[in-house]
Amino acid sequence: MARLPDTDGSGEIAQRVRDRRGGTLRPLDRMLLHSPQLADGWNSLLGAVRSRMELPPDIRELVVLRIAVLNRADYEWTAHEGEARRAGLADAELTELRREKPELDGRRRRVIAYTDAMTRDIQVPDELFDALRADFTDAELVELTATVAAYNMVSRFLVALDV
């Protein structure tokens, strides 16, 4: 059970969140709406990360699920598993994401190493970043980095409030 009660989800900001989500509010949204201005900024940021970037959806969902594993954010895994499947991640890849050292193809392995470094160590080794340059444009590298950062924020919020 969450540490705070749900909000009623009323008002203009709640409606903007509903609009982005296809008409419904999720438990995360109801927690954020305790602070409507925070919910509004969060909605804008995550809306961009989810749907207005060049980063391929399979990479985005790979990152989200890996962070869910690393930060023990079960709600985040559940919320994104279907999206990951729709983005092309197979059962075997989802299983691998739960392992200490997932065995994936070269590009995805490097993305996982980058996600792990940013999440666990904060510092990213130069050689790891340089290896990703062959896989992604500069814009995609910025978006990859922002996605890892944003979903660490999401998972830490979820875990701390027991959503």
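The values are calculated or read from the model by the stated rules, or taken from the named source; none is laboratory data. In this text, all values refer to a predicted model and were calculated from it rather than measured experimentally. Heads up, the Cβs are rebuilt from the backbone with ideal geometry, glycines too, and the neighbour counts pull from every protein chain shown. The area values use the complete protein model at the heavy-atom level, side chains included, leaving out ligands, DNA and RNA. Shrake-Rupley method; radii C 1.70, N 1.55, O 1.52, S 1.80 Å.
The figures follow:
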quantity	calculated
The chain: angle of helix 106-116 to the longest principal axis, Cα-based, in degrees nearest 10	50
Rounded FRET efficiency, nearest 0.05, which uses the C-beta distance separating A149 from H34 and R0 of 30 Å	0.85
Simple Cβ-charge dipole of the chain, Lys/Arg +1 and Asp/Glu -1, about Cα centre, in debye nearest 20	360
Segment E81-F129, extension gain: residue separation times 0.36 nm, minus the distance between their alpha carbons	14.6 nm
The chain: angle of helix 57-70 to the longest principal axis, Cα-based, in degrees nearest 10	80
Ranked packing of 43-52, 143-152, 119-128, 60-69, most packed first, by mean Cβ within 10 Å	60-69, 143-152, 43-52, 119-128
Förster radius 35 Å - calculated FRET efficiency between A2 and V142 (Cβ-Cβ, nearest 0.05)	0.60
Dmax and Rg, reported as Rg then Dmax, of the chain (C-alpha, Å)	16.1, 48
Estimated [θ] at 222 nm from DSSP helical runs (n ≥ 4, -39500 (n - 2.57)) normalised by residues in the chain, nearest 500	-20000 deg cm²/dmol
Percent accessible area from carbon and sulfur atoms, the chain, protein chains only, probe 1.4 Å	50
Computed label-point distance, nm, for sites A117 and T24 using a 7 Å Cα→Cβ extension	3.8
Helix 138-160 vs. the chain, principal-axis angle (Cα, 0 to 90°, nearest 10)	50
Solvent-free Debye scattering, log10 I(q)/I(0), computed from the Cα coordinates of the range 1-97 at q = 0.25 Å⁻¹	-1.30
Label-point separation in nm, R72 to E54, each point 7 Å along Cα→Cβ	3.9
1.4 Å probe accessible area per residue over the chain, in Å²	52
